[in-house]
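Report on one structure; see the data block that follows.
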There are 2 protein chains.
Amino acid sequence: MTNLPSGNSIAEVAHLIGDAARANMLAALMGGRALTAGELARHAGVTAQTTSGHLAKMTEARLLAVEKQGRHRYYRLATADVAQAIHALMALAADGPPRYRPVGPRDAALRLARTCYDHMAGRLALALADSLVREGHVLLADGAGLVTERGEAFFSGLGIDVTGATQSRRPLCRTCLDWSERRPHIAGRLGAALLDSALERGWVVRQAESRALRLTRAGESGFAAAFRLPSDWRVEGVAQ
Amino acid sequence: MTNLPSGNSIAEVAHLIGDAARANMLAALMGGRALTAGELARHAGVTAQTTSGHLAKMTEARLLAVEKQGRHRYYRLATADVAQAIHALMALAADGPPRYRPVGPRDAALRLARTCYDHMAGRLALALADSLVREGHVLLADGAGLVTERGEAFFSGLGIDVTGATQSRRPLCRTCLDWSERRPHIAGRLGAALLDSALERGWVVRQAESRALRLTRAGESGFAAAFRLPSDWRVEGVAQ
DNA sequence: GGAATACTTCGGCCGTTACCGAAGCGTTCC
DNA sequence: GGAACGCTTCGGTAACGGCCGAAGTATTCC
């Protein structure tokens with residue numbers, strides 16, 4: 001419509017996100033798993049045909065990626081950049097006027113451990129971040145993070161390779177403000193690798209229909225041993 | 001209207017940004033300077049009364065902050081978080097379908113040195129970032145950055161205190177993808193401090209009606225000496 | 001084969017909102 | 001004082017776009 005040269009396409013992207021139904025779908029996809037059109041419709045609270053239109057637009061704009069599987073269509077966030085943008089908007093929304101706002105997830109399971117796009121969040125993630133800092137494996141300073149040499153060896157022992165760090169444009173390690181606890185946990189490529197590794201070892205398992213992660217008995221002892229977690233890491237509000 | 005518990009206010013924020021006129025105003029404010037309502041109207045290409053409505057909404061939502069000065073009203077981005085969110089959306093918009101898109105600022109002065117919200121961008125900023133990494137003052141790894149001990153001393157010599165790093169929630173050092181050069185430069189609190197310092201020393205001066213920074217003769221030699229810049233730092237496309 | 005499921009396309013309704021003209025306030029300049 | 005300027009408020013118009021019902025296309029299950 002308007003033919004302004006630039007600074008306009010940002011409006012198009014924001015316009016897509018700036019609809020309640022679509023925003024709810026995107027928020028649901030921040031859980032990291034691919035969801036079907038039907039599941040997204042339920043999350044958004046609109047009918048299937050309305051959802052279909054929304055998904056087509058977001059896919060067209062490369063916010064989402066689709067995968068056909070039988071009669072289902074699985075949608076996921078197209079890139080980490082999309083998750084990053086949504087995260088930045090969430091941070092803005094969290095500020096705002098001091099009107100009513102529910103503070104974090106109610107569900108105790110969600111507060112303990114959940115996924116946040118492609119990495120872990122909740123008390124468990126905070127305990128891991130604290131441990132990595134305490135043991136000198138990563139250095140964190142307000143939003144930025146770096147893996148130390150000592151850390152490289154440590155992660156290598158967990159089967160996580162971080163040497164190719166500078167190759168990818170994707171941040172190796174960045175922090176992400178934990179929704180329920182309001183403290184930073186580890187995101188970025190390292191955060192994703194930690195989640196993958198934990199899932200592979202069976203230390204945590206995804207829950208159906210939820211972003212919650214269930215901590216297994218193996219995980220209970222595995223995390224504690226590998227990361228030297230303090231015994232009280234489950235207690236809320238304990239800093240460091 | 002809809003009374004979904006959460007994940008909704010993100011839609012409200014995005015909805016605000018998702019209008020061409022408002023997005024253009026925000027993009028103009030990414031230059032870092034406060035602008036009057038009239039200037040913003042010209043940037044957006046709409047009348048004063050339309051602009052007034054837009055500005056009221058964005059101020060109400062705490063995206064913008066106002067300052068009255070005589071018969072003028074100066075608007076600026078309310079917080080660094082707002083700049084961060086807009087930046088993330090710009091990154092998304094830059095991806096998108098491969099249709100027509102102008103590649104970076106045309107003006108040579110803009111490519112050499114300009115402001116990006118509260119820090120420097122352009123060839124100069126890239127040369128500074130390269131220097132800081134080469135001299136071991138900061139460590140950069142994909143989007144994240146940390147100041148070394150050596151760096152703390154260096155910045156202290158420039159009158160920049162970085163010890164209070166962990167106090168503020170605002171990232172001390174983070175990178176920002178340079179629009180014209182597609183390489184990261186230094187943003188965050190450190191980036192802002194570098195710009196402030198350079199302005200104070202008269203090494204660069206702001207240009208009227210533009211985001212461009214003019215490099216002074218004092219700056220020419222000052223930057224070269226303090227940061228040990230290579231002689232060819234002005235040449236485009238030179239990595240490191 | 002037929003029925004059920006998952007998703008899409010089409011058409012029409014209706015609420016939201018961006019836009020501008022006109023008019024109103026407050027400030028500055030002469 | 002009056003005129004010019006910067007910005008805001010009000011009212012009416014026009015259009016964009018989200019929504020659902022109905023109908024249509026795949027795919028799976030029995």
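Filter segment B:97-149 down to the residues that are at pLDDT 75 or above, among the β-branched types (Val, Ile, Thr) and either under 18 Å from B:Arg211 (Cβ atoms) or surrounded by fewer than 19 Cβ atoms within 10 Å (Cβ to Cβ) (or both) and list them by number. Passing the criteria: B:Thr115, B:Val133, B:Thr148. Yes or no: B:Leu158 surrounded by fewer than 21 Cβ atoms within 10 Å (Cβ to Cβ), at pLDDT 70 or above, facing chain A (nearest Cβ under 10 Å) and under 23 Å from B:Pro230 (Cβ atoms)? Answer is no for this residue.
Listed here are the residues, each with its yes/no results for (1) more than 9 Å from chain A (Cβ to nearest Cβ); (2) away from DNA strand C (no atom under 13 Å from the Cβ); (3) touching a helix residue (DSSP H, G or I) at 6+ places or on another chain (Cβ under 8 Å).
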| site | (1), (2), (3) |
| --- | --- |
| B:Ala20 | no, no, yes |
| B:Ala27 | no, yes, yes |
| B:Ala34 | yes, yes, no |
| B:Val46 | yes, no, yes |
| B:Thr59 | yes, yes, no |
| B:Leu63 | no, yes, yes |
| B:Val66 | yes, yes, yes |
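Taking the condition within 24 Å of A:Gly136 (Cα to Cα) and open to solvent by 20 Å² or more (accessible area, probe 1.4 Å), does A:Ser210 pass? No: the conditions fail for A:Ser210. Return yes when B:Leu29 is within 20 Å of the chain's Cα centre (by Cα), within 26 Å of A:Gln84 (Cβ to Cβ) and within 16 Å of DNA strand D (Cβ to nearest atom) and no when it is not. In short, yes. A:Arg73 fulfils the conditions (1) in a helix (DSSP H, G or I); (2) surrounded by fewer than 19 Cβ atoms within 10 Å (Cβ to Cβ); (3) modelled with pLDDT of 95 or more except for a single criterion, (1).
If the condition is being surrounded by fewer than 14 Cβ atoms within 10 Å (Cβ to Cβ) and within 8 Å of DNA strand D (Cβ to nearest atom), then segment B:35-46 contributes only B:Gly38. Within segment B:17-56, the set of residues being among the hydroxyl-bearing types (Ser, Thr, Tyr) and assigned to a helix (DSSP H, G or I) comprises B:Thr50, B:Thr51, B:Ser52.
The values are calculated or read from the model by the stated rules, or taken from the named source; none is laboratory data. Source: prediction; values computed, not measured. All Cβ positions, even for glycine, are placed from backbone atoms using ideal geometry, and neighbour counts span all protein chains on display. Accessible surface is based on the protein model in full, side chains and every heavy atom, while ligands, DNA and RNA are left aside. Shrake-Rupley method; radii C 1.70, N 1.55, O 1.52, S 1.80 Å.
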